[in-house]
Amino acid sequence: MSLRRVQVTDFRCLHSAAFELDPRFTLISGANASGKTSLLEAIYVLGRGRSFRTRRLEHLIRRGSDRFVVFGEVDSFERRVSLGVEGSAAGVRAKLGGDKVKSLAELAPWLPVQIIDPEIHRLIEEGPSRRRRFLDWGVFHVEPRFVEDWQRFQQALKQRNAALKARLPRAVTAAWDADFVRYGECMSAARARYVELLMAHAVTSARNLLGMELSVGYRSGWPRDSSLAEALQHSWSSDQESGATQVGPHRAELSIRLNGLGVKDRISRGQQKLLAAALLMAQVKLFPADSVIKPTLLLDDPAAELDNERLTTLISEVSAQTTQLVVTTLHPEFSEFGAPGLQYRIVGGDIRTA
Ligand SMILES: Nc1ncnc2c1ncn2[C@@H]1O[C@H](COP(=O)(O)OP(=O)(O)OP(=O)(O)O)[C@@H](O)[C@H]1O
Ligand SMILES: [Mg+2]
């Protein structure tokens, strides 16, 4: 299963761009500000319903336009499935096979897309919500029913927080506790299982890329020695005081250590990038090689930030995987991944066959 065709309208600087993708390797070259990252971002939005660069939808819409549309076709067994995402002032709407879908998550199984871009160090550097998103995307692709637990948990959390904020009596707030605990525990158990799986691959990638020993643990978001129900009971007064639920999987975190030490503020920017790449590569490796679902891996200008040795290691890590690769580069002669199946040149937002 791979993404075979993309059509982008009024997305960032791309007015109207349509192109085919190779099932294995597509290379897109272009000068600075030609639209390379925008093109990858459009593909990412198609699979994830959100950008990796911004949370502000209006930034994705081409200046002067009122909506963007990204349309894609995925080869699946004997048929092609179409995916569509439209962004406007009304929000993001998605279609699958021409029919509107209720949740953007419905597109995700058709296009598991991952990106390694110059900003990946943010996965390490920024707050825990980025790492929770990273984790949840991975869990979903290993355990598809996770999304339902996640949605039900979010619903319970939202209602519970609204009741806390409105200072409603405890009995009203507690009406949401059963769902909060039930789905929160399911979610948390799935995440913990996933971290175990991820570790096995991430350790090897970190050794290859960083030459360091990585360990990753899952912190559930409530004290280890109590159940979620107990933790919720104990946190009632602080919940009430702050007007928000203080414990639960929405407060979960990954604890990441290299050579036994925490990484926060301890490693260089370059090491943060390599560590993030090791974690992202581990997610890609978790897709079974014999699965019909192949992740689409987007590499945004990989030569720009890594030294030659690291780049070579990253390339060998990536090449060992059965992924669909879409790579951007400033230099059309970029040949580290071998000969591309399809190659394009992008100039001022226009994509042409190279
Ligand atoms: N909403 C928008 N409408 C129109 N143009 C936009 C919008 N958002 C960004 N741009 C412009 O799109 C252009 C291309 O940006 P993009 O980040 O895709 O370039 P790039 O080819 O990746 O460049 P670099 O090699 O520097 O990373 C930039 O000039 C940017 O200002
Ligand atoms: Mg760019």
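The values are calculated or read from the model by the stated rules, or taken from the named source; none is laboratory data. What you are looking at is a predicted structure, and each value in this text was computed from that prediction instead of being measured. Cβ coordinates were reconstructed from backbone atoms using ideal geometry, including for glycine residues, and neighbour counts include every protein chain displayed. To get the accessible areas, we keep the full protein, side chains included, count just its heavy atoms, and leave off ligands, DNA and RNA. Shrake-Rupley method; radii C 1.70, N 1.55, O 1.52, S 1.80 Å.
Local charge for Asp350 was computed over the other residues whose Cβ lies under 15 Å away, with Lys and Arg +1 and Asp and Glu -1, and equals +4. In this structure the chain gives 47 Å² per residue of accessible area when probed at 1.4 Å with all protein chains present.
Computed over the chain, the per-residue total of -39500 (n - 2.57) for DSSP H runs of n ≥ 4 gives a 222 nm mean residue ellipticity of -12000 deg cm²/dmol, rounded to 500. Distances between placed amide hydrogens fall under 5 Å for Ile28 paired with Val327, Thr328, Thr329, Tyr344, all partners being 5 or more residues away or on another chain. Solvent-accessible surface (1.4 Å probe) assigned to Leu60 amounts to roughly 10 Å². When both bridge partners sit in the chain, DSSP labels roughly 70% of those beta bridges antiparallel.
Pairing the Cα long axis of helix 146-165 with the longest principal axis of the chain, what angle in degrees results, from 0 to 90 and rounded to the nearest 10? It works out to around 50 degrees. Solvent-accessible area assigned to carbon and sulfur over the chain amounts to 50 percent, based on a 1.4 Å probe. Between Thr353 and Leu96, the contour length at 0.36 nm per residue exceeds the Cα-Cα span by 89.7 nm.
For the range 141-204 versus the range 252-320, the spacing of their alpha-carbon centroids is 27 Å. In the complete set of protein chains, residue-level accessible area for Lys158 is approximately 140 Å², probe 1.4 angstrom. Computed on the chain, with alpha-carbon pairs under 8 angstrom and 6+ residues apart, the relative contact order is 26 percent.
Looking at the chain, how many pairs of lysines come closer than 28 Å at the Cα, when each pair is eight or more places apart or spans two chains? So the count of such lysine pairs works out to 15. When Asp149, Asp179, Asp99 are compared by accessible area at a 1.4 angstrom probe, the order from most to least is Asp99, Asp179, Asp149.
Cβ under 11 Å from Ser88's Cβ, Ser88 left aside: what net charge do those residues give with Lys, Arg +1 and Asp, Glu -1?
Local net charge: -2.
Annotation note: GluC sites (Glu not before Pro) in the range 181-259 located in DSSP loop regions with a Cβ neighbour count of at most 16 within 10 Å are Glu213.
Using 0.36 nm per residue and subtracting the Cα-Cα separation, the extra length available between Ser316 and Gln155 on full extension is 53.7 nm. Sorted on the mean count of surrounding Cβ atoms within 10 Å across their residues, most packed first, peptides 122-131, 199-208, 8-17 read 8-17, 199-208, 122-131. Relative to a virtual label point 7 Å from the Cα of Ser291 in the Cα→beta-carbon direction, which members of the range 138-166 show backbone nitrogen distances below 15 Å? Once the point is set 7 Å along Cα→Cβ of Ser291, 138-147 turn out to lie under 15 Å by backbone N, inside the range 138-166. Residues His331, His250, ordered by accessible area of protein heavy atoms at a 1.4 angstrom probe radius and largest first, appear as His331, His250. The listed residues Phe71, Phe180, Phe52 rank as Phe71, Phe52, Phe180 when sorted by accessible area, largest first, using a 1.4 Å probe. Charging the Cβ of each Asp and Glu at -1 and of each Lys and Arg at +1, and nothing else, the dipole of the range 120-286 about its Cα centre rounds to 460 debye. Once the Cα-Cα distance is subtracted from the 0.36 nm per residue extended length, the Ala200 to Asp307 segment shows a gain of 35.9 nm. Here the mean projected area of the convex hull built on the C-alpha positions of the chain is 18.8 nm².
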